[in-house]
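The values are calculated or read from the model by the stated rules, or taken from the named source; none is laboratory data. Quick caveat: nothing in here was measured; it's all calculated off a predicted structure. When we count neighbours, we look across all protein chains shown, and the Cβ atoms used for this are built from the backbone with ideal geometry, even at glycine. The area values use the complete protein model at the heavy-atom level, side chains included, leaving out ligands, DNA and RNA. Shrake-Rupley method; radii C 1.70, N 1.55, O 1.52, S 1.80 Å.
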Amino acid sequence: MTSHILGAFADIFQPMSFAFLFVGSALGLLVGVLPGLSSPMALAILIPITFGMEPFSAFMILIGIYVGTKTGGAFAAILIRTPGTPAAAATAMEGFPMAQRGEAGRALAISIGSSFVGGTVSWMVAVPLVGVIGLYAVRISSADLAMIGLMALAAVSSLSGRDLLKGLMSSCLGLILATVGLDELTGTPRLTLGYYQMLGGIPFLAAIVGLFAIATVLVDMSEEAVNAKPPTKRGRFNLVSLMRELWSMRKQLAVGTTIGSILGVVPGVGSDTAGWLSFAYVKRQIEKGFLKSDRKIGEGVPQGLAAPEAANNAVTGGATIPMLTLGIPGDGSTAIMLGALMLFGLQPGPLFFRESPDMAYGILIALGVANLTTLLAAVLLIRPFTAVLRIDRSMLLGSVLVLALAGSFASTNNTFEMMIALSFGVLGYLMHRFGFSIPALALGLILGPVIESNFRRALMISRGDAMVFLTSPISLICIILLTLLAGKLLYDFVSKSKKKSETQAKQSTDA
């Protein structure tokens, strides 16, 4: 194994191979920056172009794109609160407020540094554990996946702000919207309103762009934010300051990296969920006083930016392992790369590392080196991108709206996606105005299909026996944690209600 790893390093650092990896990383950053575009889309477009190339060189480009998009999505999320990729939605929660107060350079630097740390640490853990992780991942049952999804959705308690009821209502609305489309098991259309375009479900990219970009434009216009002056700071942030700040946030980075690495191995969960769970962790730490911060969550807390970025980049290491060792993709991007390997005549699986060691270890090592090439490309782009904030706010809002609609259209070349984006933009605006949780809705949309399909599949396999959820250690642990969390949330809700009633009674008595 050691000789193959050293050989892979030598092959990757050949001038042409390294150049292909750098070009792929730069393309990934560009794709990530543009709203509506995604890593799977870019990979699908470029695979036909790579057919005439050697398999090793082709996968240097594909791996670079895969890693680059994870980092690139944060640029637009931070600068204009328009997540370039769904995985960057959590990044916008704290990154955009930092940019608004003139710390765009700092926010981008933290994002890039956290991405590098998360991706690199995840890769360093994955390489020696490639066999163990792959074999363990295949043992995760449908019941386990359903309970893991419910555990992730329980993070709505941390994302819902002060009003628990509105947070739960938001997550339930997300779950309802996630049922739109064909029933996976019976093929029956559900809640499509007669639109054949919705048979495959609500277009997720268009929904995310609407909730986090178009809704922001509407909110800013209604609050007359167009008259606000752009930040006067240039947003410079040097390497020494970045290293010190990342070291001060090492606990949040460690948690984000751990969450991303674990969820990356689980098929279908992915970086979207990892980012929100990491953000929920930081939010809970601040609310409980375990993490001291001069600012409240939502006002630009650096830890709330670092943890999600580390998490969604750490997913790459975990998601690639089952693809290489078992032929099971961890997310949409690895599913496309799995198809590309087959098109090149290679068969990922338990024998892949034995039959094609040069290619297998080459992909594995390239995944780690791609974090370095992405870091180099991203550093070069910080200053040009911070110039966006010096544009007049009224012009910037119009540009955001055009980019959002163009990104929605580009995802399928269909105007229906634009209608979905606009609809969710209005929905997001109304939710913001009346105090409902947009992140909770987004999380429900993400996890709804995972929870429903695996829950029903587990019941079908067990012939309707609900005890299937208690027979697996993973599922049982999730149920116990869910029960404890529900009890804790109910206790907090009752305590707050009681305290509010006592305060009102005291005020009435004083009057």
Review point. Just to be sure, is S495 open to solvent by less than 70 Å² (accessible area, probe 1.4 Å), among the polar types (S, T, N, Q), over 23 Å from Y195 (Cα atoms) and in contact with a Ser or Thr (Cβ under 7 Å, 6 or more places away or on another chain)?
Key: no
Check your understanding: In the stretch 394-504, which helices (runs of 4 or more DSSP H) lie fully inside it and hold 2 or more residues that are within 26 Å of the chain's Cα centre (by Cα), of a type in the set (D, E, K, R) and within 30 Å of T82 (Cα to Cα)?
Key -> 415-433
Review point. Considering only the stretch 170-190, how many residues are hydrophobic (A, V, I, L, M, F, W, C) and either buried (at least 17 other Cβ atoms within 10 Å of the Cβ) or part of a loop (DSSP other than H, G, I, E, B) (or both)?
Key: 6
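Here's the yes/no breakdown for (1) aromatic (F, W, Y); (2) open to solvent by less than 30 Å² (accessible area, probe 1.4 Å); (3) at pLDDT 75 or above; (4) under 21 Å from L153 (Cβ atoms):
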{"site": "M249", "(1), (2), (3), (4)": "no, yes, yes, no"}
{"site": "Q252", "(1), (2), (3), (4)": "no, yes, yes, no"}
{"site": "G264", "(1), (2), (3), (4)": "no, yes, yes, yes"}
{"site": "L277", "(1), (2), (3), (4)": "no, no, yes, yes"}
{"site": "D294", "(1), (2), (3), (4)": "no, no, yes, no"}
{"site": "G317", "(1), (2), (3), (4)": "no, yes, yes, no"}
{"site": "P329", "(1), (2), (3), (4)": "no, no, no, no"}
{"site": "A335", "(1), (2), (3), (4)": "no, no, no, no"}
{"site": "M342", "(1), (2), (3), (4)": "no, no, yes, no"}
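For the stretch 41-51, state whether one or more residues are in a helix (DSSP H, G or I) and either touching a Pro at 6+ places or on another chain (Cβ under 7 Å) or modelled with pLDDT of 85 or more (or both). Working first, answer last.
The initial filter retains those residues of the stretch 41-51 that are in a helix (DSSP H, G or I), namely 41-46, 48-51.
Filter once more, so that each one left must be either touching a Pro at 6+ places or on another chain (Cβ under 7 Å) or modelled with pLDDT of 85 or more (or both): none.
No, because not a single residue in the stretch 41-51 is in a helix (DSSP H, G or I) and either touching a Pro at 6+ places or on another chain (Cβ under 7 Å) or modelled with pLDDT of 85 or more (or both).
So that you can scan it fast, the table gives a plain yes or no per residue for (1) under 23 Å from W247 (Cβ atoms); (2) open to solvent by 10 Å² or more (accessible area, probe 1.4 Å):
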{"residue": "T82", "(1), (2)": "no, no"}
{"residue": "A89", "(1), (2)": "no, no"}
{"residue": "A92", "(1), (2)": "no, no"}
{"residue": "F96", "(1), (2)": "no, yes"}
{"residue": "G105", "(1), (2)": "yes, no"}
{"residue": "G118", "(1), (2)": "yes, no"}
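Name every residue in the stretch 67-101 that is within 18 Å of T320 (Cβ to Cβ), assigned to a helix (DSSP H, G or I) and of a type in the set (V, I, T), in order of residue number.
Selection gives V67, T69, T71.
To keep it simple, each residue is scored yes or no on (1) over 17 Å from L145 (Cα atoms); (2) modelled with pLDDT of 85 or more; (3) open to solvent by less than 30 Å² (accessible area, probe 1.4 Å).
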residue: F416; (1), (2), (3): yes, yes, yes
residue: F434; (1), (2), (3): yes, yes, no
residue: G444; (1), (2), (3): no, no, yes
residue: A458; (1), (2), (3): no, yes, yes
residue: S475; (1), (2), (3): no, yes, yes
Check your understanding: Would you say G64 is modelled with pLDDT under 90 and in a helix (DSSP H, G or I)?
Key -> no
